[in-house]
1. Of everything in the stretch 83-99, what is assigned to a strand (DSSP E or B), in contact (Cβ under 8 Å) with a residue 24 or more places away in the chain and in contact with a helix residue (DSSP H, G or I) (Cβ under 8 Å, 6 or more places away or on another chain)? Give them in sequence order.
2. What is the number of the single condition among (1) in contact (Cβ under 8 Å) with a residue 12 or more places away in the chain; (2) under 21 Å from the mean Cα position of the chain (by Cα); (3) assigned to a helix (DSSP H, G or I) that Asn68 does not meet?
3. Can you pull out every residue in the stretch 100-116 that is loosely packed, with under 13 Cβ neighbours inside 10 Å and part of a strand (DSSP E or B)?
4. Just to verify a result, which residue in the stretch 37-61, among those that are over 14 Å from Asn96 (Cβ atoms) and aliphatic (A, V, I, L, M), is surrounded by the most Cβ atoms within 10 Å (Cβ to Cβ)?
5. Applying the selection to the stretch 71-92, what residues are in contact with a Lys or Arg (Cβ under 6 Å, 6 or more places away or on another chain) and among the β-branched types (Val, Ile, Thr)?
6. Which residues, taken from the stretch 1-53, are out of contact with any strand residue (DSSP E or B) (no Cβ under 8 Å at 6 or more places or on another chain), assigned to a loop (DSSP other than H, G, I, E, B) and either more than 16 Å from the ligand (Cβ to nearest atom) or of a type in the set (Ser, Thr, Tyr) (or both)?
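The values are calculated or read from the model by the stated rules, or taken from the named source; none is laboratory data. No experiment lies behind these values; they were computed from the predicted model shown. Here the Cβ positions follow ideal geometry from the backbone for every residue, glycine too, while neighbour counts run over all protein chains shown.
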Amino acid sequence: MAKKRFPCGHQGQGQYCHRCAQEQRSLIKKEEAQQAHDAWIALFDTDSVNLRKLDNKQLIDKIRNIINAIHSGTSYTHYKGKRMRYDRNVISIPVNRDYRLVFHVIDGKLHVHKLMSHEEYNVKKPGEKTQ
Ligand SMILES: [Zn+2]
């Protein structure tokens with residue numbers, strides 16, 4: 001098959017310019033990736049606790065799942081959470097070796113208070129008014 005010149009100026013074979021089609025496809029892919037990224041960033045605004053400092057998507061998903069489950073009524077014991085001895089209205093749920101979620105019991109319902117790193121947790125009691 002003979003090469004021909006397309007209106008765009010490229011040369012090639014076929015009904016349309018494959019080079020331009022390829023560029024178009026990768027541009028769309030790039031835009032989709034950008035949109036997905038923007039949507040991911042926007043999700044942080046809807047979080048009850050700030051998860052922006054985390055760079056592990058799996059961990060972020062896990063934390064969101066735990067918060068959603070607890071807020072919709074799943075027992076904290078399901079996640080091996082426990083009440084704090086110094087304040088029975090504070091509940092701590094381990095996320096992994098590095099983080100735990102602290103919930104406050106308000107009117108009998110659990111509300112996420114903050115995400116604490118293991119170091120923070122060991123330095124001060126979660127739920128203390130000073131922070
Ligand atoms: Zn072209």
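1. Ser92, Ile93, Tyr99
2. (1)
3. Ile106, Lys109
4. Taking the candidates together, the pick is Val49.
5. Scanning the stretch 71-92 gives a single hit, Ile91.
6. Met1, Ala2, Tyr16, Asp47, Arg52, Lys53 - these are the residues of the stretch 1-53 that are out of contact with any strand residue (DSSP E or B) (no Cβ under 8 Å at 6 or more places or on another chain), assigned to a loop (DSSP other than H, G, I, E, B) and either more than 16 Å from the ligand (Cβ to nearest atom) or of a type in the set (Ser, Thr, Tyr) (or both).
Quick grid of which residues meet (1) at pLDDT 95 or above; (2) among the charged types (D, E, K, R):
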{"site": "Cys8", "(1), (2)": "yes, no"}
{"site": "Gln13", "(1), (2)": "no, no"}
{"site": "Glu23", "(1), (2)": "yes, yes"}
{"site": "Leu27", "(1), (2)": "yes, no"}
{"site": "Glu31", "(1), (2)": "yes, yes"}
{"site": "Asp61", "(1), (2)": "yes, yes"}
{"site": "Ile67", "(1), (2)": "yes, no"}
{"site": "Ser75", "(1), (2)": "yes, no"}
{"site": "Met84", "(1), (2)": "no, no"}
